[in-house]
Each structure stands twice: as structure tokens, then as C-alpha cells.
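Q: Structure in C-alpha cells, see below.
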Amino acid sequence: MKINLLITVTLFTALASCGGGGGSSNPPSTGTFVDSPVINIGYRTETQNGVTNSRGEFNYFPGEMVTFFIGDLEFPSVLAAEIITPLDIADTDDVFHHMVVNIIRLLQSLDKDGNPDNGITITDTAKKNAAALDFDLSVIAFQTLSEVSSLLANGGQDVSRSELVSVIEATLHLILSLALSEDVFGPAPDPETFFMGTWRGTHPDRDFVLLSFFEDNSYIHAEVGDLGIGEISGMEWGTVSFEGQGFSQATQTFDGNGTAGLNGIKASPPLSWVFLSGPATGISSDVLVLGPSVITEPAEEESVEEEPVQEFGLGDSRFENSIQFRKILSEGILGTWVSTTTPAELLTISFFDDDTYFFAEIDRDDPSLMSGMELGTYARDESTGLLTVIQTFDNNGSAGLTDFVGIGAPNVFVDVSADTMTVTIDEDGDTQIDETIVFQRQ
């Protein structure tokens with residue numbers, strides 16, 4: 001399979017046999033047609049024929065060509081293999097190639113239940129009403145074909161469509177579906193834990209961006225910088241769930257950043273994400289790309305083929321205006337720490353490898369406490385554990401590390417043992433510990 005990008009998310013099912021035909025005394029090999037698995041689409045090789053099963057599988061013998069078809073609509077033939085994707089059919093490694101885009105938009109639009117995440121099922125009704133199509137047209141020319149409109153309206157879907165799914169939606173789905181194959185991309189991560197942790201973002205208009213996801217489905221988002229209209233430098237804290245290619249729901253328990261953060265999931269289009277890793281991206285660690293569209297849709301007068309993209313990575317112009325996050329290191333003092341040993345609703349601190357820190361405290365039941373966040377730089381004496389800080393942003397009043405700044409300030413000591421961080425405070429400099437706070441690594 002031709003592909004020069006690596007994206008990580010979700011799981012993949014094992015391959016099994018399907019279909020029928022004659023030919024050899026040896027059993028045929030089994031392949032899978034993937035956008036996500038394409039189900040009930042016709043196929044034929046020199047010796048095999050049938051329809052793909054519920055896992056998108058078909059039979060073939062090595063060296064044969066396979067042709068997939070929906071009634072009278074045939075896709076270009078391709079050399080049969082264990083995994084066939086629209087990139088193979090279009091003979092390209094560019095997910096934005098016009099032919100790839102035309103194929104995936106049509107397949108996803110014909111899916112019976114309209115949810116390609118659980119497989120793309122082609123109905124028998126679509127087979128009866130399909131006519132031959134030329135996929136080697138520009139994206140705009142293809143979507144305006146009368147044959148396409150007729151098939152969408154008479155494709156047997158649970159809810160008929162009047163137009164193809166958007167380029168953004170179709171392409172993001174293909175990217176994530178390609179990541180399902182362990183044979184191509186290596187072992188897939190556990191989706192229940194992959195998001196967990198703290199991600200630090202970069203953007204030309206932001207001095208600081210952070211996303212932390214915790215196992216109880218809570219999250220923290222913080223941004224400081226030259227933000228947009230209605231956005232405020234600050235943080236929010238709440239719960240979030242993931243679905244498909246974005247955040248399906250976020251509820252803010254505390255919101256101190258205006259319309260910034262995951263409030264954007266209420267926008268149209270909502271915030272979307274995609275994970276990148278591997279040599280094609282030119283980076284060595286997992287990256288989360290987050291934005292209101294992530295991938296920009298081509299204008300009507302443009303064609304994807306006019307602006308070919310040979311690599312899908314962070315330099316791609318389609319990521320313009322998106323925020324790119326890398327997971328932070330979590331070793332020694334570095335990482336995100338949360339304490340449940342105080343009355344505060346939320347008490348967390350993150351130490352980064354550039355000697356900066358992020359602190360957040362929320363306690364809406366304490367009228368003397370200003371809930372919010374602060375940023376700064378830190379230094380820690382390795383022999384004594386003494387922590388010194390300089391604040392660079394502070395919207396939580398006297399909370400946080402404000403009292404520990406400057407000459408004569410109380411001393412705070414930090415001791416790390418595996419995944420436990422113990423913070424002790426000497427309020428008056430008499431070497432006696434006046435308060436102890438215990439944090440756990442997240």
C-alpha cells in the first residue's frame with residue numbers, strides 16, 4: 001500500500017476469508033478494502049468474485065488484479081494485496097489527490113447508516129442505481145456530475161443525501177482509518193489511554209497553550225497570548241469526551257478564558273484533532289493538531305490536483321491556524337501533578353523541561369481565593385529540594401506560588417519519589433515544616 005504518513009488512533013480487526021470463485025487448489029489469500037472497511041461492495045479478480053464481507057474482506061490470489069464495483073460503477077483496477085485503500089486505486093501516496101478525494105467522498109456518502117466510523121456499507125439499492133463515473137476529474141467537476149447527485153439521492157441510505165460529504169470530513173476519516181492497520185503502522189495504542197497526559201501547544205499568536213486530559217474524563221485547557229475576539233488569556237476546567245475525529249462534548253466546570261479553549265466545539269465547524277507521528281512528519285514524538293477545521297477545504301475555483309501535497313506533516317499549509325501539541329516529558333520532577341490532599345476542587349502543577357511551570361487552583365467555595373492559573377520559571381536545588389520561582393503570568397491573585405516569590409518569602413521544598421511529589425512549606429524560615437501537600441503524577 002502506498003502511504004507516507006503515520007497517524008495513530010483506535011483499533012483494527014483481524015483478517016479472515018470471504019467471497020468465492022474458482023482457480024487454484026491452494027486457498028486464496030484474503031485482502032481488506034479500507035477507507036474504513038467497505039462492506040458489500042462487489043469485487044472480481046481473474047479467479048475470484050463476490051462482495052466484501054462485514055470486515056471489508058475479499059479473496060484473491062497473489063499477482064491478480066482486483067476491481068471493485070457498485071453495479072455499473074467500476075473503480076480503477078489495482079494489484080490485489082492484504083490491504084487496499086483509495087490511495088492504491090489512485091496510484092498515489094497523497095491523501096489529497098483529487099482522485100482519492102472523489103473516491104472517499106462518494107464511498108462515505110453512500111454508507112447506509114451515515115456513520116463510516118463503524119464501516120462503510122454499500123446497499124443493494126445503490127448497486128441498482130449506480131452509473132459509470134470518471135474519478136479522474138477535479139473535485140469540483142466530480143461533485144457536480146448529475147450521475148453523482150442521482151446516486152446520492154437513490155443510494156438506499158437510511159437518510160438520503162443531496163450532496164457529497166465535505167472534503168474535510170472525508171479526508172480526516174480516511175487519515176484516521178489508515179491508522180487502523182497494525183501491519184502498516186505498527187501496534188495501535190490503547191484508545192482508552194492514548195489521550196491521557198499533558199500536551200503543550202505552539203502557535204504564532206500564543207505565548208503558552210496547554211491541554212491536559214485525565215483518566216476521570218476531566219481536562220484543563222490554558223492559553224496566554226494575542227488571542228481572538230472574545231478569547232481571554234486564562235484557563236478552563238471541565239469534562240470532555242471524544243468521538244470520531246474531534247471532541248464530541250465538553251462541559252466547563254470553571255471557565256476563565258472566554259470563548260477560547262474547548263468552547264470551540266460549539267462552533268461550526270467544531271474543533272477537530274488528528275495525531276501525527278513518524279518520519280513523514282519530520283518529528284520524533286506524537287503530535288496532536290487541533291483547530292476549527294484542521295484541514296482547509298479547497299475553494300470552489302481551485303482543484304486539489306493544482307496544489308499537490310507530497311507529504312502530510314506539520315509544514316502542510318492545510319494546518320494553517322491550527323495549534324500543534326506535543327506530549328510533555330513525565331519523569332523526575334517533570335510532568336503534571338495533581339493533589340487531592342487540600343480542600344481545593346482542583347490543585348495541579350506542571351513542570352516543563354524548559355524550566356517553566358504551570359499552576360492551577362480552583363476552589364469556588366473559598367471567597368478569599370481567586371481561582372485561576374499562573375505561569376513562571378522555576379529552579380530547584382537538587383541537594384535541598386528548595387524551589388524558587390518567578391511568575392510571568394498570574395490571574396489567580398494570592399493563590400498559587402505568589403507568596404513564595406521574592407526576598408523573605410516562605411521556603412517551599414519539593415521532593416519526588418517515583419510518582420509521588422511531596423511539597424513542604426516553611427512559612428517563617430525557622431526550618432520547621434508548617435504545611436505539607438502531596439501530589440500524584442498524572
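Q: Which of (1) modelled with pLDDT under 85; (2) part of a strand (DSSP E or B); (3) buried (at least 17 other Cβ atoms within 10 Å of the Cβ) is the odd one out, the single condition THR202 does not satisfy?
A: The single condition THR202 does not satisfy is (3).
Q: A follow-up question, please. Sort out for me the helices (runs of 4 or more DSSP H) sitting completely within the stretch 98-157 that have 2 or more residues that are under 23 Å from the mean Cα position of the chain (by Cα). Break it down stepwise before answering.
A: Values: elements: 98-110, 124-129, 139-143, 146-153.
The qualifying helices (runs of 4 or more DSSP H) are 98-110.
Q: Starting from the stretch 424-442, take each residue that is more than 18 Å from PHE359 (Cα to Cα) and list its partners that are among the aromatic types (Phe, Trp, Tyr) and surrounded by 12 or more Cβ atoms within 10 Å (Cβ to Cβ), counting only C-beta distances under 9 angstrom and pairs at least six apart or across chains.
A: ASP426/PHE413; ILE433/PHE413
Q: Of the residues that sit in the stretch 372-389 and are more than 30 Å from the chain's Cα centre (by Cα) and closer than 18 Å to SER339 by Cβ, which one is surrounded by the most Cβ atoms within 10 Å (Cβ to Cβ)?
A: Across the stretch 372-389, the extreme among qualifying residues is VAL389.
Q: Those residues that are at pLDDT below 80 and either of a type in the set (Ser, Thr, Tyr) or under 24 Å from GLY397 (Cα atoms) (or both), I need them from the stretch 231-258; list them, please.
A: So the first thing to find is which residues in the stretch 231-258 are at pLDDT below 80, and the list is 241-250.
Correct list: SER241, SER248.
Q: Here's a follow-up. Inspect all residues belonging to the stretch 390-411 and state whether any of them is of a type in the set (Val, Ile, Thr) and surrounded by 19 or more Cβ atoms within 10 Å (Cβ to Cβ). Spell out how you get there, then give the answer.
A: Our first condition is that a residue be of a type in the set (Val, Ile, Thr); within the stretch 390-411, this holds for 390, 392, 402, 405, 407.
Checking the rest, the ones that are also surrounded by 19 or more Cβ atoms within 10 Å (Cβ to Cβ) come to none.
Checked the stretch 390-411: no residue is of a type in the set (Val, Ile, Thr) and surrounded by 19 or more Cβ atoms within 10 Å (Cβ to Cβ).
Q: Follow-up question, since we're still on this one. Does the stretch 68-91 hold any residues that are over 15 Å from LEU107 (Cβ atoms) and surrounded by fewer than 18 Cβ atoms within 10 Å (Cβ to Cβ), and which are they?
A: The answer is ASP72, SER77, LEU79, ALA81, GLU82, ASP91.
Q: Could you tell me whether GLY63 is free of Cβ contacts under 8 Å to residues at least 24 places away in the same chain and in a loop (DSSP other than H, G, I, E, B)? I'd like the intermediate steps shown before the answer.
A: Values: free of Cβ contacts under 8 Å to residues at least 24 places away in the same chain: yes; in a loop (DSSP other than H, G, I, E, B): yes.
Yes: the conditions hold for GLY63.
Q: Output the residues belonging to the stretch 408-425 that are of a type in the set (D, E, K, R) and either within 13 Å of VAL389 (Cα to Cα) or not in a strand (DSSP E or B) (or both). Break it down into steps so the answer makes sense when it comes.
A: Step one: list which residues in the stretch 408-425 are of a type in the set (D, E, K, R), which gives 415, 419.
Answer for the stretch 408-425, where residues must be of a type in the set (D, E, K, R) and either within 13 Å of VAL389 (Cα to Cα) or not in a strand (DSSP E or B) (or both): just ASP419.
Q: Out of the residues in the stretch 376-415 that are among the aromatic types (Phe, Trp, Tyr) and within 19 Å of ASP430 (Cα to Cα), which is modelled with the highest pLDDT? Explain how you work it out, then say what you get.
A: Our first condition is that a residue be among the aromatic types (Phe, Trp, Tyr); within the stretch 376-415, this holds for 378, 393, 404, 413.
Narrowing the set further to residues that are within 19 Å of ASP430 (Cα to Cα) leaves 404, 413.
Details: PHE404: 71, PHE413: 93.
Within the stretch 376-415, the match that is modelled with the highest pLDDT is PHE413.
The values are calculated or read from the model by the stated rules, or taken from the named source; none is laboratory data. Since this is a predicted model, take the numbers as computed values, not measurements. Note that we place each Cβ from the backbone using ideal geometry, even for glycine, and neighbour counts take in every protein chain shown.
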